[in-house]
Each structure stands twice: as structure tokens, then as C-alpha cells.
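Worksheet: the structure to be examined is printed underneath.
Throughout, read-outs are computed from the coordinates displayed, never taken from laboratory work. Computed from a predicted structure; not experimentally measured. Neighbour counts run over all protein chains shown; Cβ positions are idealised from the backbone, glycine included.
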Amino acid sequence: MDETYIRVGGRWCYLYRAITAGGHTLDFYLSPKRNVAAAKRFLAKTLRSNTITGSPRVINTDKAPSLARAIAELKSEGICPPTVEHRQVKYLNNVIEGDHGRLKRILGPKGAFKNRTSAYRTLKGMEAMHSLRKGQGAMFDLTGNRTRTR
């Protein structure tokens, strides 16, 4: 799990993304703030929406203190299982950092959107196309029906 920043309406917004060790995208979330509440909202959303894959064994993050606090709060609330290990090692996040690079290359040097709604919709399409390229076509069902395929 990691976050990167993009320009939306002249202000920096944070794009939280979670991927598996194999590089498959789990979920993403666009937030105007980079704080504990945003990280907690994203992690809870990711854990709820990915019941098919089950709960993670390990969550790798960078050393952002908001992510550590969000994971600890979710564990205390019972949303995240207490057996989940949280690793704050910079180099274990290289898979997702490389994934951010692909996104930044598509956005180009400008990398700006007019408003958050158009940014979210565009990013959803970009993530869907990227997941199709990675061979996980059922991950982002744009009709709203989350189905499990073989």
C-alpha cells in the first residue's frame, strides 16, 4: 500500500493504491488530504471490498506515520484482523512504486485535472485498463457488479 500525489484543480491530492505482491491492483482512493482519517478510510474500503482474496497476511507501507496509526486503529476496531503484520520497510514497496511510475507516465508532466470527480472517473478508467493489461479483467467491473471468475 502506498500513496502518490496528483494535481487536481490547482491543489495536490493524494492517490492511495493497494496492490498484491504479484502486482495485481486491489483498490485505489483519491483524497484531498494525507492524514490518518484518509488512510483509515482507504484501508477499511480495501479490506471490505476484497473479501474474495481474504485478509492479507502482511501490509507493506512506507514510513508514513498516518498509515501505521490507521492500521493500528483498524486492528483495535476489529476491521483488520490482529494477525496481520505491518512492515514499514521502504524497499518492500518497490512493486507499487513502479506501478506509480506507469501512472505518472500516462498522466504526463502536466498531470492535472479540473475537479476531483473527473479525476476519479479518469483514474478509474486508467486503473481498469491497467488491470486488463495485467490480466485481471474481473477486478474492475465497471457495471458495479463484483463477480468472481476463474
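The table below lists the values:
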{"read-out": "Loop-resident sites, the stretch 1-71, for trypsin sites (Lys or Arg not before Pro), counting at most 10 other Cβ within 10 Å (DSSP)", "value": "Arg57, Lys63"}
{"read-out": "For Gly23, residues with placed amide H under 5 Å, excluding near neighbours", "value": "none"}
{"read-out": "Pairwise centroid distance, computed over Cα atoms, of the stretch 118-138 with the stretch 8-68, Å", "value": "16"}
{"read-out": "Linear extension gain, Lys124 paired with Arg69, 0.36 nm per residue minus alpha-carbon span", "value": "17.1 nm"}
{"read-out": "Set Lys90/Lys134; Lys40/Lys134; Lys104/Lys124; Lys40/Lys75; Lys75/Lys134 screened for pairs whose C-alpha atoms are more than 21 Å apart", "value": "Lys90/Lys134; Lys40/Lys134; Lys75/Lys134"}
{"read-out": "Amide N of the stretch 40-60 lying under 16 Å from the label point, which is placed 7 angstrom from the Cα of Val89 along Cα→Cβ", "value": "57-60"}
{"read-out": "Cut-off under 5 Å, modelled amide H: who pairs with Asn60 long-range", "value": "Arg87"}
{"read-out": "Karplus 3J(HN,Hα) series, Hz, for the stretch 49-64 with 6.51 cos²θ - 1.76 cosθ + 1.60 (x for Gly, Pro)", "value": "7, 10, 6, 5, 7, x, 6, x, 7, 9, 10, 9, 9, 7, 8, 5"}
